[in-house]
Amino acid sequence: KAGVTQTPRYLIKTRGQQVTLSCSPISGHRSVSWYQQTPGQGLQFLFEYFSETQRNKGNFPGRFSGRQFSNSRSEMNVSTLELGDSALYLCASSLDLVGSRYEQYFGPGTRLTVT
Amino acid sequence: AQSVTQLGSHVSVSEGALVLLRCNYSSSVPPYLFWYVQYPNQGLQLLLKYTSAATLVKGINGFEAEFKKSETSFHLTKPSAHMSDAAEYFCAVSDLKAAGNKLTFGGGTRVLVKP
């Protein structure tokens, strides 16, 4: 079974631009979560989607948004990019059934550099 | 709110020596606990999980962890380090009060294995 895939793997953007990152979960997984990883702040939870609905949200500004499609694929968008948005963005999927809840499987990440 | 503390941001061990990575959590209810490993330029890989069954949990690559409620700890060990164990390790706790699959991560411990 294929793992979580994220595209693109690397991205360079300029301050003020917007960016969209894509995540395809493991087949059959209905929950998709996004995390931001930076050297200074570590791994921080952005949001989670389940059945096309945002189920949970972290403490990030409204510039960070996401959505999930009917096939469980998810996208996250960051508008008006700032230098501090440079990070590794990780997507994780979960089967979200009793016995496997919270067990998340991560993709390789998208490395975003804002200049 | 849940929190996770990993003692030691860097650990250096000799090949063949014991690996011990410390994790303490703060939670109002017994949480689910996880250890993940991250190799350079990769996403996070699940090593093992505790979900209120056996307190001693065995994972992949020879790692195991013991849940101690009285100490609010979930330390990760491996009897004999291998060069391939060089990576960054993250302890994570589930947020059982939040809807969905939200994980809170510790700051990570980078392991260096000396030949």
Sum up the charges of everything whose Cβ sits under 15 Å from the Cβ of B:Ser9, counting Lys and Arg as +1 and Asp and Glu as -1, but leave B:Ser9 out.
+1
Run the reach check for B:Lys114 against lysines, Cα to Cα strictly under 20 Å, same-chain hits fewer than 8 apart removed. What comes back?
B:Lys78
With charges only on Cβ, +1 for K and R and -1 for D and E, what is the dipole size of the protein assembly as shown about its Cα centre, in debye, rounded to 20?
240 debye
Mind ranking A:7-14, B:86-93, B:49-56 by how tightly packed they are, going by the mean number of other C-beta atoms within 10 angstrom, highest first?
B:86-93, B:49-56, A:7-14
Calculate the translational D of the stretch A:11-66 in whole µm² s⁻¹ from Stokes-Einstein, where the hydrodynamic radius comes from the Kirkwood formula applied to all Cα pairs, the temperature is 4 °C and the viscosity 1.567 mPa s.
100 µm²/s
Dimensionless Rg ratio for chain A, taking C-alpha atoms and the 2.2 N^0.38 Å reference
1.01
Given chain B, what whole percent of its Cα pairs are spread farther than 22 Å?
28 percent
Taking every residue of A:32-40, the Cβ atoms of other protein chains inside 10 Å of its Cβ average out to 2
If I take R0 = 45 Å and measure r between the Cβ atoms of B:Lys69 and A:Arg67 in this structure, what FRET efficiency does the formula 1/(1 + (r/R0)^6) give, to the nearest 0.05?
0.70
Enter the mean number of other protein chain beta carbons within 10 Å of the beta carbon of each residue in B:28-41, as an integer.
2
Picking from A:Ser93, A:Leu21, A:Ser72, whose Cα lies most toward the positive end of the charge dipole for chain A (charges on Cβ: Lys, Arg +1; Asp, Glu -1)?
A:Leu21
How far apart, in nm, are two points set 7 Å out from the Cα along the Cα-to-Cβ line at A:Gln44 and at A:Lys57?
1.5 nm
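Give me Rg/Rg_expected for the protein assembly as shown, where Rg uses Cα atoms only and Rg_expected = 2.2 N^0.38 Å with N residues. Write down the numbers at each step before the final one.
Details: Rg = 17.5 Å, N = 230, 2.2 N^0.38 = 17.4 Å.
Against the compact-globule rule of thumb, the ratio is 1.01.
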Roughly how many debye, to the nearest 20, is the charge dipole of the stretch B:3-83 about its Cα centre, given +1 on each Lys and Arg Cβ, -1 on each Asp and Glu Cβ, and no other charges?
140 debye
Nearby lysines by direct alpha-carbon distance to A:Lys57 (threshold 26 angstrom, same-chain neighbours under 8 apart not counted)
A:Lys13, B:Lys49, B:Lys97, B:Lys102
Calculated from backbone phi, Karplus (6.51, -1.76, 1.60) coupling profile of the stretch A:58-68 in Hz, x at Gly/Pro
x, 8, 10, x, x, 5, 9, 9, x, 7, 10
For peptide B:101-112, compute the average count of partner chain beta-carbon atoms within 10 Å of each residue's beta-carbon.
5
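Quick note: the coordinates plus some simple rules give every number you see, no bench work behind them. Predicted model, so just to flag it, every value in this text is computed and none were measured. For neighbour counting, all protein chains shown are included, and Cβ atoms are generated from backbone atoms with ideal geometry for every residue, glycine included.
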